[in-house]
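Derivation of every value follows stated rules applied to the coordinates shown; laboratory data play no part. Fair warning: this is a prediction, and the values are worked out from it, not measured in the lab. Using ideal geometry, Cβ is built from the backbone for each residue, glycine included, and neighbour counts are taken over all protein chains shown.
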Amino acid sequence: MKVAKAKRVKPKVPAPAAVIRLTPEHTLQRAAKRFLSGSPTRCPKCDSTYVGREPAFIHCRLCGKLARIVDAPLELQELWEIRSGLRIAS
Ligand SMILES: [Zn+2]
């Protein structure tokens with residue numbers, strides 16, 4: 001019976017990684033990209049016009065994306081969800 005030779009595998013060197021410092025400015029900059037400004041009428045993900053306006057979000061009825069509207073209060077969103085029957089009031 002022939003013994004299979006073990007292949008020599010060169011040890012892989014991991015690719016050099018970039019270190020990103022997580023500063024508050026960096027976080028705010030990233031968060032700002034996810035907010036919508038003004039009164040958008042299109043989905044930012046799929047560009048559909050089949051969207052529903054909620055107090056703090058634009059809800060795409062085609063792809064399901066919920067995009068947050070900048071400076072829209074989440075308290076109004078919560079009230080709207082409770083009144084719409086989407087949440088059970090606690
Ligand atoms: Zn969409």
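When the chain is fully extended, how far beyond the present Cα-Cα distance does S48 get from L79, taking 0.36 nm per residue of separation? It would help to have the intermediate numbers written out before the result.
Details: separation 31, 0.36 × 31 = 11.16 nm, distance 2.67 nm.
Taking 0.36 nm per residue and subtracting the Cα distance, the gain is 8.5 nm.
How large are Rg and Dmax for the chain when only the alpha carbon atoms are used, in Å?
24.0, 77
Pull out the extension gain between R87 and A15, defined as 0.36 nm times the separation in residues minus the alpha carbon to alpha carbon distance; nm, one decimal.
Full-extension gain reported as 21.2 nm.
Taking the Kirkwood radius as the inverse of the mean 1/r across Cα pairs, report the Rg/Rh of the stretch 30-78.
Numbers: Rg = 10.1 Å, Rh = 10.8 Å.
Result for the stretch 30-78 is an Rg/Rh of 0.94.
Counting only C-alpha contacts under 8 Å and six or more residues apart, can you give the relative contact order of the stretch 40-90 as a whole percent? Numbers along the way, then the final one.
On the way: 67 pairs, mean separation 12.7, N = 51.
Here the relative contact order equals 25 percent.
Between L36 and K65, what is 0.36 nm times their sequence separation minus the Cα-Cα distance? Round to one decimal in nm. Each step should come with its number before you reach the end.
Working: separation 29, 0.36 × 29 = 10.44 nm, distance 1.23 nm.
Result for the pair: 9.2 nm of gain on full extension.
Where nothing but the Cβ of Lys and Arg (+1) and of Asp and Glu (-1) is charged, how large is the charge dipole of the stretch 40-90 around its Cα centre, in debye to the nearest 20? Display every interim value, and only then the final one.
Numbers: 8 positive and 6 negative charges, 48 e Å.
Magnitude of the dipole: close to 220 debye.
Enumerate the amide H contacts of I69 below 5 Å, restricted to partners 5 or more residues apart or on another chain; note that Pro and chain-start residues carry no placed amide H.
Those qualifying (amide H under 5 Å, at least 5 residues apart or on another chain) are L36, F57, I58.
Run the numbers on the chain and let me know its relative contact order in percent, using alpha-carbon pairs under 8 Å that are six or more apart.
Numbers: 80 pairs, mean separation 16.0, N = 90.
Relative contact order, the chain: 18 percent.
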